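**Student:** I am attaching a structure below and will ask some questions about it afterwards.
Laboratory data are not the source of any read-out in this text; all were calculated from the coordinates shown. Note that the coordinates shown come from a computational prediction; the quantities given were computed from them, not determined experimentally. For neighbour counting, all protein chains shown are included, and Cβ atoms are generated from backbone atoms with ideal geometry for every residue, glycine included.
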């Protein structure tokens with residue numbers, strides 16, 4: 001599924017119209033697709049349907065759907081925000097010619113008629129405001145949406161949003177206070193950024209895209225997509241029967257400190273569970289003492305640092321870094337800036353070609369304090385920040401990230417910094433330096449637990465070490481982590497899981513993907 005910004009969709013429709021595929025034809029296809037989705041997803045022929053029609057193209061889509069639903073045998077009523085002229089509005093004229101009941105809120109008594117119809121109807125189609133909205137909902141629109149919300153709270157109605165629920169910003173995911181929570185959103189040409197950004201993502205219900213005949217040469221240029229199981233399945237590393245531990249990657253994880261003794265174990269466990277043949281855990285003495293008992297399968301480079309990794313530990317990279325196929329730096333290292341700076345220098349100088357790097361957690365916090373840090377990153381680097389870490393990298397307050405258009409921001413910085421960025425959160429965003437973006441369709445509160453990110457970075461470095469390129473490793477790693485969370489939710493519900501337990505679900509997530517599951 002391609003995912004468009006509002007401007008990208010405007011330009012794609014404009015190009016289609018210029019090439020002879022008219023706006024009128026696109027509207028007909030949109031309305032037909034909307035009607036078909038309503039017929040498929042609801043018991044539309046058993047309950048009266050109200051279609052709320054705004055003055056823009058969104059309303060035109062609703063009028064086309066009203067006609068097709070009526071012709072299919074549904075009982076349809078159309079309520080327009082204002083009077084429409086059948087002499088200039090062909091879709092409205094066709095609705096009138098079919099004898100479909102129509103009302104205008106500009107007419108006296110329509111609000112009262114609307115309230116009575118709300119009691120009887122089973123499906124409400126919100127075709128009031130479309131994707132171009134970027135200001136608060138006001139006036140009559142507020143009254144209409146408040147009445148629908150009130151009726152729905154008394155007696156459940158099936159709400160269908162046309163392209164997006166009215167009041168939703170389709171770029172930022174912001175919503176107005178009166179925005180309805182849809183059961184079904186039918187979007188045209190492709191999904192929009194806001195469909196995957198909260199709080200809007202919590203209001204769209206089931207999302208169904210409808211083809212409106214956009215030129216494939218135009219849509220192929222859209223580099224933002226939704227991750228799917230079919231594509232993820234193709235990324236899984238091969239497991240030849242005659243392979244050995246070297247075949248499946250040797251990864252080095254620099255993690256842990258006296259305060260965060262378990263962080264490295266969680267990452268190493270994530271790497272092993274993803275299929276790494278060998279995992280070396282570089283961790284200080286105090287953390288190593290407990291780690292060996294928790295994870296005897298790992299190897300433990302001998303370093304003398306007792307509580308935190310030091311510059312001396314980073315110098316270890318000079319002689320041994322070429323022994324590994326991928327490196328992870330950061331989980332629980334407790335802001336050891338000199339270690340991170342020195343390790344990056346040695347990675348750039350001594351790493352073998354294709355030996356990738358993942359920077360996570362405290363590794364990112366230290367990175368943020370390096371001037372022009374992106375110039376110090378080795379090739380094939382993946383950054384995996386959560387919003388607070390991303391804000392530190394930007395040297396901005398956290399709300400710059402949480403209130404921004406996360407998709408565009410991640411893409412912009414991946415290009416500027418020349419690395420892959422995985423921005424964690426509900427519907428995680430992964431962006432590449434060449435402008436590609438993938439959104440991962442997972443929003444699971446069970447994953448909001450300390451150590452979950454350490455497991456994720458271990459999964460990603462494992463895939464990187466098994467030969468995937470950085471972007472594919474980040475995308476597939478995020479997918480497996482999200483799928484493991486969904487499998488764990490079946491066992492634990494939405495709370496109470498330990499991050500170490502999450503790692504144990506990774507092989508099951510891989511197995512599900514291999515077997516054709518989603």
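**Student:** Could you tell me how many degrees, from 0 to 90 and to the nearest 10, lie between the Cα long axis of helix 285-294 and the main elongation axis, the longest principal axis, of the Cα atoms of the chain?
**Tutor:** Compared with the principal axis, the helix lies near 70 degrees.
**Student:** Using only alpha carbon pairs under 8 Å that are at least six residues apart, calculate the relative contact order of the chain and give it in whole percent.
**Tutor:** Numbers: 1114 pairs, mean separation 63.8, N = 518.
Value for the chain: 12 percent.
**Student:** Summing -39500 (n - 2.57) over the DSSP H runs of n ≥ 4 in the chain and dividing by its residue number, what mean residue ellipticity at 222 nm do you reach, to the nearest 500 deg cm²/dmol? Walk me through the numbers before you get to the answer.
**Tutor:** Details: 20 runs with 222 residues, N = 518.
When only DSSP H runs of four or more count, the value is -13000 deg cm²/dmol.
**Student:** Now a separate question. How do 20-26, 180-186 rank on mean C-beta neighbours within 10 Å, highest first?
**Tutor:** 180-186, 20-26
**Student:** Out of the DSSP beta bridges found with both residues in the stretch 3-222, what percent are antiparallel (nearest 5)?
**Tutor:** Here the antiparallel bridges make up roughly 5 percent for the stretch 3-222.
**Student:** Antiparallel DSSP bridges in the chain: what percent, to the nearest 5? The partial results should precede the final answer.
**Tutor:** Details: 8 of 58 bridges.
Just about 15 percent of them are antiparallel.
**Student:** Here's another thing I want to ask about it. Quick one: if the Förster radius is 22 Å, what FRET efficiency do residue 101 and residue 155 give, using the C-beta to C-beta distance and rounding to 0.05?
**Tutor:** So, using R0 = 22 Å, E works out to roughly 0.60.
**Student:** Follow-up question, since we're still on this one. I'd like to compare 439-448, 6-15: which one has the highest average count of other Cβ atoms within 10 Å, and what's the full order after that?
**Tutor:** Ranked from most to least packed, the peptides come out as 439-448, 6-15.
**Student:** Here's a follow-up. Going by alpha carbons, how many degrees (0 to 90, nearest 10) lie between the helix axis of 139-154 and the longest principal axis of the chain?
**Tutor:** For helix 139-154, the angle is close to 80 degrees.
**Student:** May I ask for the distance between the Cα centers of the stretch 52-102 and the stretch 191-247, given as a whole number of Å?
**Tutor:** Result: 35 Å between the Cα centres.
**Student:** Now for a separate question. So for each of 187-198, 67-78 I average, over its residues, the number of other beta carbons within 10 Å; can you give me the resulting order with the highest mean first?
**Tutor:** 187-198, 67-78
**Student:** Moving to a separate point now. For helix 406-417, what angle does its Cα long axis make with the longest principal axis of the chain, in degrees from 0 to 90 and rounded to 10?
**Tutor:** The helix 406-417 is inclined about 40 degrees to the chain.
**Student:** Residue 45 to residue 94: FRET efficiency via 1/(1 + (r/R0)^6), r the Cβ-Cβ distance, R0 22 Å, to the nearest 0.05?
**Tutor:** 0.60
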